[in-house]
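Step one of this worksheet: look at the structure below.
The values are calculated or read from the model by the stated rules, or taken from the named source; none is laboratory data. If you're wondering where the values come from, they're calculated on a predicted model, not measured in any experiment. With ideal geometry, Cβ positions are generated from the backbone for all residues, glycine too; neighbour counts draw on all protein chains shown. We work out accessible area using only protein heavy atoms, side chains counted, and drop any ligands, DNA or RNA first. Shrake-Rupley method; radii C 1.70, N 1.55, O 1.52, S 1.80 Å.
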Amino acid sequence: MFKTYMRLLGFARPIEKYAIPYFFYSLLYALFNSLTFLLIIPILNTMFDANYSFEPVDTLPPIELNKEYLTTLFNYVYSHLFDTYAQSNVLLLLAIVTVFISFLSNLFRYLGAWTVENMRTRTLQRMRDKMFSRVMDMNVGYFSEQRKGDIISKITSDVGVVQFCITNTLQVAFREPFLIIGYVVMMVAISWELAIFSVLFLPIVALIIGSIVKQLRHPARTNQQKQGEMVATLDESLSGIKVIKSYNAVDYIKRKYFQINADVARLTLSMARRQQLASPMSEFLGISAVGVILVFGGSLVMKGSLDPGGFIAFIAMFSQITRPVRTFIDQFANINQGIAAGERIFSIIDTHSEIQDKPDAKIFEGLKDKIELRNVHFSYDGSREVIDGISFEIRRGETVALVGPSGGGKSTLSELIPRFYDPSQGEILIDGSSLRDYTQESLRAHMSVVSQDTILFNDTIEGNIALGKQGATHEEIVEAARIANADSFINECPEGYETNIGDRGSKLSGGQRQRLSIARAVLKNPEILILDEATSALDTESEKLVQDALNRLLEGGRTSIVIAHRLSTIHNADKIIVIDHGRIAEQGTHAELMARNGIYAKLIEMQSFD
């Protein structure tokens, strides 16, 4: 717990930038706030004490921590401002001093609050940057194991909880303790007998409220987990709304969401019940203590050892001291909840599933000879091998097609080349050097992937195509769209290239989305192209348009790896490799494989029959 807390504070670095000014702001706020209550004494004495007599003071008195010093100091100031005593002048001066001290008190309170807000905002910024950067660096397999909604919840909701853990640290360390100390010192100055009782009372309040707060940490952690489940369910429901409605599963999804929401509400109420109990409990204890003080303090007044003004000022100050005590304990409750959320945040930050570049990795400057796969093996998390000892080569400018039954490992194999994953065993070489010898960024700068699962963003058509080349001109984007057979439908859109295509391109058809994806690849003009079943989900007319666009993309001696579901599209490939159960079953040209009458020939026959 303490280790998590210290790591969270690391996001507020350099903390002294905030802690040092906050220390002085809190100290001055506590000083002037306490003085405001002490001014009650001369006000009441002036107005209601029949025996009050003004005593002029010519020399500044030495500083002492008692109410007599405050009276003497006030008389000294009055003596230098007015020639004669008048009750109206005294009240005027007291009013001015009260307003001025209140102004200073609230000024330093504001400066302290602004310092905390500055720290909170910058800390949140660093934390979200760190988490988002970490998530973006993860390999593709991480997102297959995690629910996207839970990741979103950690970056948004959990970080929101953690902010109070960090910002409350300054308040727990400085502001509330200074206020408590300031009130206690002033109460001692008024009456040490009454102050002793107060000092004994405060630990009792702290223990009772602390026992309530202590029970919050476990529900807070569970609540954050449930919040993640709720966001994940919401994300999945919105993403799959068409499927949900087509299977009449709306009621099922509603029941699932309602149950999670009910769990979140139950946990929230459980935490709120404990949190809300702290305030009335401390208030009740405070009023009970005031009742005792009225009896004890009243006896001191009747004996003449305490004047009425001091007695009322003491009660006013004592009624205020429970507030910083309660706030101090509430801050600890927030810190507890923040630590629980911090543990979920660090579950992302501490995950080591990203593909790391070697410290001495070099820049890939382009394919000169060939890509080689040597006895490559791959499995997800040590489970059954998806790729089992595959070896082949792709020469520069060749088109190599990967075909075979579904689940054979074709797509996984294609994801090893841009280093979405690294092989479990074996090596992938480019011009004799391992892929691991190059930086990922430089490798991917020379590659493009066009897959069946077209990824578009809630942006304009031009914005989506421009992702292929940062800084591309409008003319270059239009030319890429023309080559991809997308220019005609784009011009029919309401705002042309500035048309927003909706979430994940929902306003476009499957063929249109695929052609935008191809336009993006055309704009990048990659040296190595990977096509992963880019036409398998399209109707006949869209497939023809997309295939024509792909044929244009393949022109110019581009090195290409094509994963084909419809085998009619890869007859002209330089080499066809048949993958079955993670192994190479056959390889050769179309004519050679047909002559063997093996798996490839049977697949062709089945598709011809279809």
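Just to verify a result, which residue in segment 60-72, among those that are open to solvent by 40 Å² or more (accessible area, probe 1.4 Å) and either modelled with pLDDT under 75 or within 18 Å of Leu306 (Cα to Cα) (or both), is farthest from the chain's Cα centre (by Cα)? Break it down into steps so the answer makes sense when it comes.
Residues of segment 60-72 that are open to solvent by 40 Å² or more (accessible area, probe 1.4 Å), as a first pass: 60, 62-66, 68-69, 71-72.
Still in the running and either modelled with pLDDT under 75 or within 18 Å of Leu306 (Cα to Cα) (or both): 63-66, 68-69, 71-72.
Working: Ile63: 51, Glu64: 51, Leu65: 49, Asn66: 51, Glu68: 55, Tyr69: 53, Thr71: 55, Thr72: 56 Å.
By that ranking, first place goes to Thr72.
What number of residues within segment 106-128 satisfy the criterion of being surrounded by 15 or more Cβ atoms within 10 Å (Cβ to Cβ), among the charged types (D, E, K, R) and over 19 Å from Met6 (Cα atoms)? Summing the residues that are surrounded by 15 or more Cβ atoms within 10 Å (Cβ to Cβ), among the charged types (D, E, K, R) and over 19 Å from Met6 (Cα atoms) in segment 106-128 gives 1.
Just checking, which of Met186, Met138, Met131 is open to solvent by less than 40 Å² (accessible area, probe 1.4 Å), more than 24 Å from Ile345 (Cα to Cα), out of contact with any Pro (no Cβ under 8 Å at 6 or more places or on another chain) and modelled with pLDDT of 75 or more?
Values: Met138 fails: more than 24 Å from Ile345 (Cα to Cα); Met131 fails: more than 24 Å from Ile345 (Cα to Cα).
Of the residues listed, the single one that is open to solvent by less than 40 Å² (accessible area, probe 1.4 Å), more than 24 Å from Ile345 (Cα to Cα), out of contact with any Pro (no Cβ under 8 Å at 6 or more places or on another chain) and modelled with pLDDT of 75 or more is Met186.
Answer with yes or no whether Asn485 is surrounded by 18 or more Cβ atoms within 10 Å (Cβ to Cβ), over 18 Å from Asp532 (Cβ atoms) and modelled with pLDDT under 85.
Working: surrounded by 18 or more Cβ atoms within 10 Å (Cβ to Cβ): yes; over 18 Å from Asp532 (Cβ atoms): yes; modelled with pLDDT under 85: yes.
The answer is yes for Asn485.
With open to solvent by 30 Å² or more (accessible area, probe 1.4 Å) and within 38 Å of the chain's Cα centre (by Cα) as the only criterion, which of Glu393, Glu441 stands out?
Working: Glu393 fails: within 38 Å of the chain's Cα centre (by Cα).
Checking each option against the conditions leaves just Glu441.
Where helices (runs of 4 or more DSSP H) sit wholly within segment 398-483, those with at least 1 residues that are in contact with a Phe, Trp or Tyr (Cβ under 8 Å, 6 or more places away or on another chain) and over 24 Å from Asn525 (Cβ atoms) occupy 410-416.
Among Val57, Val77, which is at pLDDT 75 or above, surrounded by 12 or more Cβ atoms within 10 Å (Cβ to Cβ) and part of a loop (DSSP other than H, G, I, E, B)?
Residue meeting the stated conditions: Val57.
If you check Asn525 against the conditions, is it closer than 30 Å to Ile371 by Cα and open to solvent by 30 Å² or more (accessible area, probe 1.4 Å)? So Asn525 fits the description; yes.
Based on this model, can you work out whether Asn458 counts as among the polar types (S, T, N, Q), out of contact with any Gly (no Cβ under 9 Å at 6 or more places or on another chain), open to solvent by 30 Å² or more (accessible area, probe 1.4 Å) and over 30 Å from Leu567 (Cα atoms)?
Details: among the polar types (S, T, N, Q): yes; out of contact with any Gly (no Cβ under 9 Å at 6 or more places or on another chain): no; open to solvent by 30 Å² or more (accessible area, probe 1.4 Å): yes; over 30 Å from Leu567 (Cα atoms): yes.
Judged against the criteria, Asn458 is not a match.
Counting the residues of segment 90-99 that are touching a helix residue (DSSP H, G or I) at 6+ places or on another chain (Cβ under 9 Å) and farther than 13 Å from Pro56 by Cβ gives 6. Taking segment 82-101 as the range and being at pLDDT below 80, part of a helix (DSSP H, G or I) and either of a type outside the set (Ser, Thr, Tyr) or touching a Cys at 6+ places or on another chain (Cβ under 7 Å) (or both) as the test, the residues that pass are Gln87, Asn89, Val90, Leu91, Leu93, Leu94. For the residues Ser305, Ser282, Ser299, the requirement of being modelled with pLDDT of 75 or more and within 21 Å of Phe201 (Cα to Cα) singles out Ser299.
Scan segment 488-509 for residues that are in a helix (DSSP H, G or I), touching a residue at least 12 places away in the same chain (Cβ under 8 Å) and surrounded by fewer than 17 Cβ atoms within 10 Å (Cβ to Cβ) and jot them down. Residues satisfying the conditions are Gly496, Glu498, Asp503, Arg504.
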